[in-house]
Each structure stands twice: as structure tokens, then as C-alpha cells.
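First comes the structure, then the notes that go with it.
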Amino acid sequence: MDVVIGIDLGTTNSCVSIVENGTPTVIPNRGGYKTTPSMVALTEAGKRLVGHIAKRQAITNAENTVFAAKRLIGRKYNSPQVKNAMLSSSYRIVEGPHGDVRIQLREKQYSVPEVSAMVLQEMKVIAEDYLGQPVSKAVITVPAYFNDNQRQATKDSGQIAGLDVIRIINEPTAAALAYGFGKNIERTIAVYDLGGGTFDISVLEIASNGVFKVIATAGDTFLGGEDFDARVIDWLVSGFQAEHGIDLCQDRMALQRLKDAAEKAKCELSTLKETEVNLPFIISSGQNEALHLQRPLSRQQLEALCEDLVDRTVAICKQTLADAKLDADEIEEVILVGGMTRMPRVQEAVQGFFGREPCKGVHPDEVVALGAAIQGYALVEDQKHMLLLDVTPHALGIMTFGNYFEELIPQNTTVPTSRTKTFTTSRDNQTAVKIIVMQGESEKAEQNELLGEFILTGLRRAPKATVEIEVTFEINSDGIVAVSAKDLETGQLQSIQVTATSGLTQDEIKKMIDSAKDFLVDRRTNDEVDQVQHEAERLIGEIERLFPAVEQLVASSDFGRDAIGKARSVVEKSRAAMEKKDVAALKEQIEGLTRTQRMFKGVVAKTQ
Ligand code: AMP
């Protein structure tokens, strides 16, 4: 029988699960724990340790123990995120041959997928021990906000671990699958996932026919439990500095002990009101005298240290609901995922925002792996009645002449999907075009994230805007993007699977954009319908995004109600004109749309 395991490859902990006799089950490891630390270490004797055993020796072997590798996966060495991670890592992060990230463990450097593969391999062995048979297929989960490179790198990790990764699914979607499995319910739910390294929020509709549709998703790949720990560490370090004039951060071993103690105190304060951080012999004073660190910490203090982190998650929830065009009271259930949701302040903030108590029936550490196993089961057992419709977490498009970002696939589009748009050359006799693939929400190209680039050469010499190039974006069920460009006259085609260049700094992106100027495509100028339609779509999108906020702000006055009525009418008229492809009528509406958009922006800006 073909078994598929579901793996939640977490920043801090990982979990593996299967569907056994129709029931999703978490598989405990040899120690009987249902989760395994995502930690890898190399001992002096060259032995590789993974999981609890790696965690146990982390303090004495801090330099050769890797934690939170997920924060580095699919990123470039020079990216701000990697620089940030380096500040809190006791192991050495070095630059690889292609500007990628390598981890130095004793004499050898490992790529991040190699390190993640060690964790995945451990999960595979846990499953094989339990089942008594080899396992080769897996569904692995990633944060919904993971970009293409991070997904691809996760898939590579699976392959290195000897697993055929039959699908990558988003963690919140997996949680929803586990929540809805076998329940035959119809419900709009939100999944609030705050783990060790990342935050995700997703809004989904579960239909009674087994369709799980994601309506909107957002998050922050650098907001999680580790940031909470870092606040406690900073607090301890500055207290110690004030008392003894010694910076504990300079000592790797002390830093690792601080990290452990900070996390422990944070977790304890989820059940206790007060705890104490106690680290005897943390460092030497330099005069042969051992110094100790001992400080009480209350839940209230912890909450104050981390208040802005919790607020950041709520702000993202707010934006996601606006994107989903839903009010908080339309969410019928809130599911909490991730270890950090055990913190009472986090639960209070979620309850405060959604106005309802979060669901208690799912286990925050296990629900994601269970969902992955359910998805794997559905794929191999051909359970057609269970359908998962996920969405793109970002808008995807290319850069066009003038440094604009031209969107091909809007944010929150259901995947798999494919979109095509036609562009033209931007210079006379331009014989090559560079397709710069980006993701993000800004109209300005340099403010978005670069995913990759390629060149289509051999175009015929012709005046600008007369050579047409058709660009196609295709996103598969793993959320991985393929882009192709075709010369419409000759049929010549170039394509890439977008993997090459993410994680660049804004400066690097700017430089790249400058050097590509002469090779860019332009929006098709000879197609007026396209142009006007595009502009109208952009304006309507912006107006609709702002609608809920504006409505809330001005609906109480007659003037406000009147303005909202007019805005609705201009959007409706524009839509009707777009449908009929009536350029003249649409052009008439553009002015009204522009005015409305400006007014909306003004109203919202005044209140910020
Ligand atoms: P996950 O990535 O879902 O395994 O979440 C791990 C994060 O949850 C880590 O930052 C843990 O410190 C944190 N965590 C685990 N248990 C608790 C707890 N009881 N209270 C607060 N945070 C916790």
C-alpha cells in the first residue's frame, strides 16, 4: 500500500502524521513525544544528531547546533532576513558560492536544504519505525506566506531526504483540513498561526461538499516565538550590562543558555503569573570571579516587552479580513495554531479582535501535520470529494518600462492558475527583452520582491511597440511559479521556473533594475482597451480595498453616506463598461474613479 506521511516542518518543532484506517494520527517519536525539535548538531566525533538529542547538547556544543533553519531556507546570504537571523544564532552562517546561505558545522559547510533534509529524514524514520515499512511519499507544509524560492527549497529538502514530495500545502490550510475533516460542516473560519518563526493568518470557507476554499491569506515570515524570546534575552542582557558592565552577547555559550532560559520563562508565564530566570555561573568577571544571572520576570512584564509583536499580528488580521471583504463577526470559528498561541495575551488579543473565543477542539502543535496527512491520503486514495482550493499569497507580475510593476496574477487568486498578457518592446530595434519576475503589492517595481529573471533574444529589428511578446504565468498546486515569454511573430519561447534570485537587498534590486533598463518590455500601447481596462481595474481594486475603512469612518454623516453612494455607483458603471469593452464609456468613468480613489485615500490617511 502507498503510504503518504504528512510533515509539519516547523521552525522550532516538527511533527509527522498519517491517516490510518481512515483516521488521521500523529506518530510519536522514540521518546514518546509527538513533536521533535527541528534541531541538528554535529558532535566532535563527527556524529550527526537530530531532534531532542541535538537539543539536549545544544548548550555545550552551541557552535555546531543548528536551530530555526527554516528562517534561512530559500533566502540569499545578503538578505536583511539572514543578517537578522545571524544576530541571534550561535552557529555560523556563511556565504555560499552563489550568494546563498551555508551553515558551518565543524569543517564542513551545509546548504540550508541539506540541514532541513536531516530533520525530514528523522521524521521519515519515525514514521518507518512506527509503520514497520519504508515510506517514500510525503506532503510537507509551509507557511502560506512562503515565496516561490522557499517552497522550492523545501521541496529540495524533501528530495535530499529521500522523499517524493507529492504536494506542498500551506500550514493554515492544513489546519483547516484537519479541523473540518469528517465533520460535514459549512463554515467561514480563520486560522491564526503563530509559531516559532512565522505568523500566518488565513480565512477559509469550508463547504459541506468537502471543498476547502482559501479566501485570503497573509502573514509575516519574520514574526514568531523567537522574537518573543529575543525581547526577553535583550531585557536580560541589558540588565546584566547595567549591573556588571559585561555584554553577554559576546559569549556564544552564555547566549545559548540565555536563549534557553528566555524561552523557558516565556512558556512558564503562559501558566504562571511570575517566574525567575536563574543562570548560575553565566560568565566570568575577568577577575576569576564567576557571575550569576538571577532575575524575576512577571507575566505582565513579558506582555509589556512583547506588546508590539502581538499588535503586529492583529494588524495583519485586520488587513486580511479587509482583503476577504469580511467583518470580524462573519468569522464563525477561529482556530489557533502554533506553540505561541498558548500565551494568554495572544489568546486575548485574538478573542478581542474576532469577538469570539477561539476553538478549543484542535491541538495547536499537531493540527498542521494532521492536515498534511489528510491531504496526502486524499491524493493517493483519490478522494475526489475532498478538494483544496488555495490562493496565491502575493500578487505576481513583471517589471515594465518606467519601473512599473505589471500584475498578471492578483493576490489571493485560487491556484492552480495561469494568466497571459501581451507586452511590446520598449525601444526601436530592440532585439532582446528581459523578463523580470516579481511578487508584491506595489505599483513601483523596486518595492516588490524579485523572484527571477530571464532573457528572450532573437527578436526581429522593428520600431518600438511593434514586436509583441506574450508573457504567461503558471502556478501549480504547490504554489510554484513558472513563467514563459513568447515572441508572437516567430513563436520563439523562453521560460523559467522561478527559483533564482530571491532574498536580494533593496539596493541589489535597484541596481539590477537600472542595469536592465534597455531590455524591458512595455505595456501594449496599441491596445487601448487593455490600457484603459487596466487603469480602471487598478483604481477599482484600490477603492474596494479602502471601502471598509472609509465606510466605517464616514458612514455616520449624510455627506459621508452620499459620498459612499456615489463611489458605489461609479464602480458599478465602470464594471458595466468593462464588461461591454466600451472604451469610451470607461474613459468617462476613469475620472470619477480617480477622484473617488483620491478622496478615499485622503479620508483614510487623515485618521492614521
Ligand atoms: P511551533 O513552531 O508551532 O512549534 O511553535 C513554537 C513556538 O511556540 C516557540 O517559540 C515556543 O517557545 C512557543 N511555545 C511553545 N509552548 C509555549 C507556551 N506554553 N507558551 C508560550 N509559548 C510557547
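The values are calculated or read from the model by the stated rules, or taken from the named source; none is laboratory data. From a predicted model like this one, the values you see are computed outputs, not experimental measurements. Note: ideal-geometry Cβ built from the backbone for every residue, glycine included; neighbour counts use all protein chains shown. All accessible areas refer to the heavy atoms of the entire protein, side chains included, with ligands and DNA or RNA removed. Shrake-Rupley method; radii C 1.70, N 1.55, O 1.52, S 1.80 Å.
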What's the total number of residues in segment 467-481 that are in a loop (DSSP other than H, G, I, E, B) and either within 14 Å of Gly452 (Cβ to Cβ) or touching an Asp or Glu at 6+ places or on another chain (Cβ under 9 Å) (or both)? 4
In this structure, does Glu406 turn out to be of a type outside the set (Ser, Thr, Tyr), touching a residue at least 24 places away in the same chain (Cβ under 8 Å) and within 26 Å of Ala138 (Cα to Cα)? no
Restricting to segment 32-56, and then to whatever is within 16 Å of the ligand (Cβ to nearest atom) and assigned to a loop (DSSP other than H, G, I, E, B), can you tell me which residue is surrounded by the most Cβ atoms within 10 Å (Cβ to Cβ)? Ser38
Residues of segment 289-300 being within 16 Å of the ligand (Cβ to nearest atom) and either touching a residue at least 40 places away in the same chain (Cβ under 8 Å) or closer than 30 Å to Leu370 by Cα (or both), which ones? Leu297, Arg299
Output the number of residues of segment 275-317 satisfying the condition of being among the aliphatic types (A, V, I, L, M), open to solvent by 20 Å² or more (accessible area, probe 1.4 Å) and more than 25 Å from Ser202 (Cα to Cα). 4
Out of Asn64, Asn29, Asn13, which single residue is of a type outside the set (Ser, Thr, Tyr), buried (at least 20 other Cβ atoms within 10 Å of the Cβ) and within 18 Å of Arg257 (Cα to Cα)? Asn64
Sort out which residues of segment 588-603 are more than 15 Å from Asp562 (Cα to Cα) and touching a residue at least 12 places away in the same chain (Cβ under 8 Å), and write them in order of number. Gln589, Ile590, Leu593, Thr594, Gln597, Lys601
What pairs come out if I take residues in segment 431-456 that are farther than 18 Å from Asn149 by Cα and pair them with residues that are of a type in the set (Val, Ile, Thr) whose C-beta lies under 6 Å away, six or more apart or interchain? Ala432/Ile455; Ala432/Thr457; Val433/Ile469; Val433/Val521; Lys434/Ile455; Glu446/Ile509; Glu446/Ile513; Leu456/Val433
Hand me the list of strands (runs of 3 or more DSSP E) wholly inside segment 118-208 holding 1 or more residues that are polar (S, T, N, Q) and surrounded by fewer than 24 Cβ atoms within 10 Å (Cβ to Cβ). 187-194
For segment 324-363, which positions are in a helix (DSSP H, G or I) and open to solvent by 30 Å² or more (accessible area, probe 1.4 Å)? Asp329, Glu330, Gly339, Arg342, Arg345, Gln347, Glu348, Gln351, Gly352, Phe353
So which of Lys264, Lys259 is of a type in the set (Lys, Arg) and without any contact (Cβ under 8 Å) to a residue 60 or more places away in the chain? Lys264
Among the residues of segment 409-463, the number that are open to solvent by 30 Å² or more (accessible area, probe 1.4 Å), β-branched (Val, Ile, Thr) and modelled with pLDDT under 90 is 4
Of the residues Ser556, Ser574, Ser569, which is on the phi < 0 side of the Ramachandran plot and not in a helix (DSSP H, G or I)? Ser556
Could you tell me how many of the residues in segment 313-368 are charged (D, E, K, R), within 16 Å of the ligand (Cβ to nearest atom) and farther than 24 Å from Val139 by Cα? 4
State all residues of segment 222-239 that are at pLDDT 95 or above and either surrounded by fewer than 18 Cβ atoms within 10 Å (Cβ to Cβ) or more than 9 Å from the ligand (Cβ to nearest atom) (or both); if no residue qualifies, say none. Arg231, Val232, Ile233, Asp234, Trp235, Leu236, Val237, Ser238, Gly239
So which of Ala216, Ala265, Ala242 is in a helix (DSSP H, G or I), on the phi < 0 side of the Ramachandran plot and either over 29 Å from the mean Cα position of the chain (by Cα) or more than 12 Å from the ligand (Cβ to nearest atom) (or both)? Ala242
When segment 79-110 is checked residue by residue, the ones that are at pLDDT below 90 and either open to solvent by less than 60 Å² (accessible area, probe 1.4 Å) or of a type in the set (Gly, Ala, Ser) (or both) are Ser79, Gln81, Ala85, Ser88, Ser89, Ser90, Gly96, Gly99, Asp100
Mind listing just one residue for me: the one in segment 1-31 that is under 21 Å from Asp164 (Cα atoms) and in a loop (DSSP other than H, G, I, E, B) and, of those, nearest to the ligand (Cβ to nearest atom)? Gly10
Return yes or no: is Ile73 within 25 Å of the chain's Cα centre (by Cα) and open to solvent by less than 10 Å² (accessible area, probe 1.4 Å)? yes
So which residues in segment 180-211 are within 16 Å of the ligand (Cβ to nearest atom) and of a type outside the set (Val, Ile, Thr), if there are any at all? Tyr192, Asp193, Leu194, Gly195, Gly196, Gly197, Phe199, Asp200, Ser202
